[in-house]
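The structure appears right after this line, and notes come after that.
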Amino acid sequence: MLDISKLIPIMLACAWISSAHAQAQEEVQARWVADDLATYVRSGPTNEYRIVGSLTSGERVTVIQTQGSYTQVRDESGDEVWIESADLQEERSLAERVPDLKERVESLNARLEHLNAEWKRRLAIMTETLEHRETRIDELERRNARLDDQASQSRERVRALQARLDTQEEDLLMRYFMYGGGVAGAGLLVGLLVPHVPRRRKRDRWF
């Protein structure tokens, strides 16, 4: 006995494949009415057929067949009409592209705003870092100037102390020289005077 429940998935799959194939063919045969005009459509593939309406500029249609300079199309409402092939274009109409373009513009604007905010943030950080470094450099320059002043004062003090020490050494040498000269002169004077000092005579003692 044939099990219908097993055939249902197969039937659904076949229906889906058929629908997808038809949709793919329809996408391949898709055309758009030229953007720069609104064209009249006829009931047949020549100018002899009567005008039955018009298609809006940029409207999407599906190609059914082509005869001569006319193409039979199906519009979005399902009506099948004939239009001059020159009035069709293969690329999407502006009416369909504008929303995508607007979305891209909005996306680019959002990215630009993000980049601008990120740049401002980085610029603020760099400015703060630069100001901090400039402040630090100013502090170091002031400290270096103070150290230079202290070093200059220290050198002046060292020179003054060295000059004072040299003067004290000269005074000390002069004192030593004078002291030595005085001692030498006194010794010479004593040497000259001693021979002239009368000697005491020794007394003879009788025991």
Protein-only accessible surface order, largest first, of Arg31, Arg136 at 1.4 Å: Arg136, Arg31
Points 7 angstrom from Cα along the Cβ direction at Tyr40 and Arg157: gap in nanometres? 11.2 nm
Of Asp87, Asp149, which has the most accessible area with a 1.4 Å probe, and how do the rest follow in descending order? Asp149, Asp87
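So, R0 is 30 Å and r is the distance between the beta-carbons of Arg111 and Glu91; what FRET efficiency does that work out to, to 0.05? Write out the running numbers ahead of the final one.
On the way: r = 26 Å, r/R0 = 0.88.
In this case the efficiency is close to 0.70.
Want the number for Thr66 to Tyr49: 0.36 nm per residue separation, take away the alpha-carbon distance, what's left?
Details: separation 17, 0.36 × 17 = 6.12 nm, distance 1.54 nm.
Working it through step by step, the gained length comes to 4.6 nm.
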For the pair Glu103/Glu169, report the inter-label distance in nm, with labels modelled 7 Å from Cα in the Cβ direction. 9.6 nm
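Could you order Trp119, Trp82 so the one with the most accessible surface comes first? Probe is 1.4 Å.
On the way: Trp119 140, Trp82 20 Å².
The ordering from most to least exposed comes out as Trp119, Trp82.
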What FRET efficiency, computed as 1/(1 + (r/R0)^6) with R0 = 41 Å and r the Cβ-Cβ distance, is obtained for Gln150 and Thr127, rounded to the nearest 0.05? 0.75
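The values are calculated or read from the model by the stated rules, or taken from the named source; none is laboratory data. Being a predicted model, the structure only gives us computed values, none of them experimental. Note that we place each Cβ from the backbone using ideal geometry, even for glycine, and neighbour counts take in every protein chain shown. Heads up: the accessible areas ignore ligands, DNA and RNA and are worked out on the full protein's heavy atoms, side chains in. Shrake-Rupley method; radii C 1.70, N 1.55, O 1.52, S 1.80 Å.
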